[in-house]
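I have placed the structure first, in the form of structure tokens, so that the comments after it can refer back to it.
The values are calculated or read from the model by the stated rules, or taken from the named source; none is laboratory data. Note that the structure is predicted; figures quoted are calculated from it, not measured. Using ideal geometry, Cβ is built from the backbone for each residue, glycine included, and neighbour counts are taken over all protein chains shown.
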Amino acid sequence: MGFFTDTSVCIGCKACEVACKEWNAVPEDGLLLTGMSYDNTAGLSASTWRHVAFIEQSAVVPRPAADTWADPADGDGDLRWLMSSDVCKHCTEAACLDVCPTGALMRTEFGTVVVQDDICNGCGYCVSACPFGVIGRRETDGGAHKCTLCYDRLGDGLEPACAKACPTDSIQFGPLDELREVAQQRVAEVQDSGRPEARLYGADPADGIGGAGAFFLLLDRPEVYGLPPDPVVTTRDLPRMWRHAGIAAVGLAAAAVAACRGGRA
Amino acid sequence: MPAAGRRGGEKGDKQVVPPAELTSYYGLPVVKETVWGPAIPSYLFLGGLAGASSVLAAGAQLSGYLELARAAKAGAAGAISLSMAALVDDLGRPARFVNMLRVFKVTSPMSVGTWVLSGYTPLALAAAASALTGNLPRAGLAATLGAGVLGPAVASYTAVLLGDTATPGWHEAHRELPYLFTGSAATAAGGLGLVAVPPRAAAPAARLAVLGAAAELTAERLIDRRIGPAAAAYRTGRAGALLRAGQVLAVAGAAAGAGAALLGRPSRAAAVLAGAALLAGSAVTRFGVFEAGRASARDPKYTVEPQRERLREAVSPAAGAPGSSGT
């Protein structure tokens with residue numbers, strides 16, 4: 001199970017952020033005005049599990065012919081406002097889960113990735129391992145926290161709080177294969193309506209993370225939204241790392257042997 | 001307040017990647033900077049010092065440098081004890097340190113390291129206890145050899161610990177870091193030997209320091225040349241300054257150590273100074289690598305640029321299908 005977040009219909013209402021906070025009792029994460037458009041959350045963290053990004057682009061964007069919402073007086077738009085609700089990607093090949101030394105991070109029966117708070121010892125390794133900068137360590141309790149895809153609600157047959165609260169169905173929840181089909185149709189539709197820049201992000205099971213459990217329809221390059229353009233799970237290179245570490249270890253032993261030869265001075 | 005449009009990079013950071021094509025979300029980082037504090041680079045140094053000292057101790061024991069062996073064992077035991085304290089202290093929930101022992105995962109270098117340390121630490125402590133008290137010499141020899149076998153693993157796995165992250169400066173250097181770390185560990189152990197015993201008894205320590213410094217400098221050169229844009233994080237800012245200081249200390253320490261212990265008239269004062277320089281150089285180098293990783297995580301260009309480049313390379317020969325996932 002997972003999310004398809006269609007950012008082309010996101011209206012930036014932040015109902016997802018609020019619903020997530022409320023349902024999961026996630027603590028306050030700083031009350032600031034960042035000056036970054038309407039985004040005062042700044043990013044995902046231990047205490048922010050849904051984050052709505054606001055991007056104001058001043059490039060001239062031709063109005064799509066089929067855009068019925070356009071005000072004719074505007075002519076061609078000189079401001080484009082992108083909004084996107086970001087969330088943990090619940091990677092099929094999840095680096096956080098791979099590197100967790102306690103087994104606190106686990107794969108659930110829904111295919112999602114969840115931190116078991118009673119096991120996490122706050123080592124912080126997952127924080128550095130995540131290629132999306134999603135998971136964080138909370139100052140107040142020392143533990144790592146992130147989106148659970150509302151594990152408790154799924155168990156009761158409910159959809160996650162953010163998807164439930166989303167008024168435009170920008171956040172859709174369901175089985176991944178069904179969502180991918182919906183997403184393929186939707187991206188073709190958006191492209192045909194005059195936005196050829198529309199693309200899916202994280203929908204391909206052959207990508208560097210084995211496909212995301214939460215994928216997106218974006219209207220610009222991923223990095224514009226603060227997403228990595230081609231994330232690869234760090235553990236893909238782990239066999240090579242262990243091999244080099246082994247050679248280096250043997251080298252150290254050989255150096256010590258060489259240094260001790262030559263008998264007593 | 002995280003200022004709008006903040007461009008990453010530290011003061012004095014030279015723009016190596018052309019900014020023309022780089023876009024980011026208000027200049028904010030893509031990946032998270034490590035939450036590890038100074039305890040972790042301290043551990044990288046102390047763990048390396050301990051591991052390499054145990055190898056040196058075993059070698060010195062077997063080749064008859066008993067005074068050096070005793071000092072190296074004591075140094076290893078002290079360094080690994082401080083390491084364990086640093087590691088536990090850096091946890092968000094230190095009381096749950098033992099949760100590390102409920103699983104063994106090869107996919108987690110931290111898990112592997114925990115088990116290596118669990119085997120190594122008692123041996124290193126036993127070897128030192130036997131050497132310093134003179135009790136149980138046979139058990140002491142066995143512990144010395146055991147610690148000597150595990151020592152290289154203690155010194156090298158920490159490179160995988162850093163490499164196996166999404167931190168660009170660490171991950172991109174995952175091939176070179178093991179050699180940098182074992183080299184740095186060897187210079188530290190050599191330095192400790194030069195400080196602790198008279199120069200005539202410290203010849204293996206001086207030789208190990210020379211070999212270690214050579215490996216360290218070679219690995220740093222390779223990082224500079226091979227890892228792409230992330231190399232800038234090793235060259236610039238605080239990390240660059242620390243690494244340059246580490247190189248100077250390693251070269252000066254190794255040369256002075258060799259001069260004092262291997263060539264000409266032995267000089268105790270010169271050997272102690274050389275050893276101190278080697279120890280300081282190793283510590284400074286570990287903090288430099290740690291800082292390079294932090295700086296590379298803070299600036300989105302280090303995450304975005306290499307990935308963009310990879311996509312460009314993947315698309316150009318086979319002309320990827322537009323509109324499908326990916327780019």
Pairs, please: C-beta under 7 Å, at least 6 apart or cross-chain, first residue touching a residue at least 60 places away in the same chain (Cβ under 8 Å) and in segment A:125-148, second of a type in the set (F, W, Y)? A:K146/A:W49; A:C147/A:W49
Go through A:A161, A:A188 for me and flag whichever is out of contact with any Ser or Thr (no Cβ under 7 Å at 6 or more places or on another chain), among the small types (G, A, S) and over 22 Å from A:F132 (Cβ atoms). A:A188
So B:A72 ticks every box in (1) over 30 Å from B:A203 (Cβ atoms); (2) within 12 Å of chain A (Cβ to nearest Cβ); (3) touching a helix residue (DSSP H, G or I) at 6+ places or on another chain (Cβ under 8 Å) but one. Which box is left unticked? (1)
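Go through segment B:267-287 and give me each residue that's under 14 Å from B:R235 (Cα atoms) and either surrounded by fewer than 24 Cβ atoms within 10 Å (Cβ to Cβ) or within 11 Å of chain A (Cβ to nearest Cβ) (or both).
Let us first name the residues in segment B:267-287 that are under 14 Å from B:R235 (Cα atoms), namely B:285, B:287.
Scanning segment B:267-287 gives a single hit, B:F287.
Residues checked against (1) modelled with pLDDT under 95; (2) surrounded by 24 or more Cβ atoms within 10 Å (Cβ to Cβ); (3) on the phi > 0 side of the Ramachandran plot:
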{"residue": "A:L33", "(1), (2), (3)": "yes, no, no"}
{"residue": "A:S47", "(1), (2), (3)": "no, no, no"}
{"residue": "A:P62", "(1), (2), (3)": "yes, no, no"}
{"residue": "A:A66", "(1), (2), (3)": "yes, no, no"}
{"residue": "A:W69", "(1), (2), (3)": "yes, no, no"}
{"residue": "A:C88", "(1), (2), (3)": "no, yes, no"}
{"residue": "A:A95", "(1), (2), (3)": "no, yes, no"}
{"residue": "A:G111", "(1), (2), (3)": "no, no, yes"}
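Pick from segment A:7-41 the residues that are among the acidic types (D, E) and outside any helix (DSSP H, G or I): which of them is farthest from the other protein chains (Cβ to nearest Cβ)?
Residues of segment A:7-41 that are among the acidic types (D, E), as a first pass: A:17, A:22, A:28-29, A:39.
This time we only want the ones that are outside any helix (DSSP H, G or I), so: A:28-29, A:39.
Details: A:E28: 16, A:D29: 12, A:D39: 8 Å.
The residue in question is A:E28.
Of all residues in segment B:230-282, how many are under 21 Å from the mean Cα position of the chain (by Cα) and in a helix (DSSP H, G or I)?
Here is the first cut: in segment B:230-282, the residues under 21 Å from the mean Cα position of the chain (by Cα) are B:230-254, B:274-282.
Retained after the next criterion (residues that are in a helix (DSSP H, G or I)): B:230-235, B:237-254, B:274-282.
Looking only at that region, the number is 33.
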So, in segment A:98-122, of the ones that are touching a strand residue (DSSP E or B) at 6+ places or on another chain (Cβ under 8 Å) and assigned to a loop (DSSP other than H, G, I, E, B), which residue ends up nearest to the other protein chains (Cβ to nearest Cβ)? A:G122
Some residue of segment B:223-240 being touching a residue at least 60 places away in the same chain (Cβ under 8 Å), within 13 Å of chain A (Cβ to nearest Cβ) and either closer than 16 Å to B:V55 by Cβ or out of contact with any His (no Cβ under 6 Å at 6 or more places or on another chain) (or both): no
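How many residues does segment B:178-202 contain that are in contact with a Leu (Cβ under 6 Å, 6 or more places away or on another chain), more than 22 Å from B:Y120 (Cα to Cα) and either small (G, A, S) or within 8 Å of chain A (Cβ to nearest Cβ) (or both)?
Kept after step one, since they are in contact with a Leu (Cβ under 6 Å, 6 or more places away or on another chain), are these residues of segment B:178-202: B:182, B:186-191, B:193, B:197, B:201-202.
After this cut, where a residue has to be more than 22 Å from B:Y120 (Cα to Cα) as well, the list is B:197, B:201-202.
Now restrict to residues that are either small (G, A, S) or within 8 Å of chain A (Cβ to nearest Cβ) (or both): B:201-202.
Residues in segment B:178-202 being in contact with a Leu (Cβ under 6 Å, 6 or more places away or on another chain), more than 22 Å from B:Y120 (Cα to Cα) and either small (G, A, S) or within 8 Å of chain A (Cβ to nearest Cβ) (or both): 2 in total.
Quick check on my filter: what residues within segment A:211-226 are out of contact with any Pro (no Cβ under 7 Å at 6 or more places or on another chain), more than 7 Å from chain B (Cβ to nearest Cβ) and more than 20 Å from A:F173 (Cβ to Cβ)? So that I can check it myself, show each step before the final result.
Filtering segment A:211-226 for residues out of contact with any Pro (no Cβ under 7 Å at 6 or more places or on another chain) gives A:212-220, A:224-226.
Restricting the remaining residues to those that are more than 7 Å from chain B (Cβ to nearest Cβ) gives A:212-220.
Within segment A:211-226, A:L219, A:D220 meet the criteria.
Each row is one residue, and each column tells you yes or no for (1) at pLDDT below 95; (2) under 22 Å from B:H171 (Cα atoms).
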site: B:P19; (1), (2): yes, no
site: B:V31; (1), (2): no, yes
site: B:L44; (1), (2): no, yes
site: B:L101; (1), (2): no, no
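Go through segment A:77-97 residue by residue and tally those that are assigned to a loop (DSSP other than H, G, I, E, B) and of a type in the set (G, A, S). Reasoning before the result, please.
Taking segment A:77-97 and keeping what is assigned to a loop (DSSP other than H, G, I, E, B), we get A:78-79, A:88-94.
If we keep only those that are of a type in the set (G, A, S) as well, we get A:94.
The number of residues fulfilling the criteria is 1.
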Could you grab me the full set of residues in segment B:174-201 that are assigned to a loop (DSSP other than H, G, I, E, B) and either in contact (Cβ under 8 Å) with a residue 40 or more places away in the chain or closer than 16 Å to B:L243 by Cα (or both)? B:R175, B:E176, B:V197, B:P198
Scan segment B:102-110 and tell me whether some residue there is free of Cβ contacts under 8 Å to residues at least 12 places away in the same chain, more than 25 Å from B:L211 (Cβ to Cβ), out of contact with any helix residue (DSSP H, G or I) (no Cβ under 9 Å at 6 or more places or on another chain) and not β-branched (V, I, T). yes
If you take just the strands (runs of 3 or more DSSP E) that sit entirely in segment A:148-265, which of them hold at least 1 residues that are among the basic types (K, R) and modelled with pLDDT of 95 or more? A:199-201
Determine whether A:P160 is touching a residue at least 60 places away in the same chain (Cβ under 8 Å) and crowded, with 18+ Cβ neighbours inside 10 Å. yes
Which residues, taken from segment A:129-169, are over 26 Å from A:C13 (Cα atoms) and of a type in the set (A, V, I, L, M, F, W, C)? A:A129, A:C130, A:A144
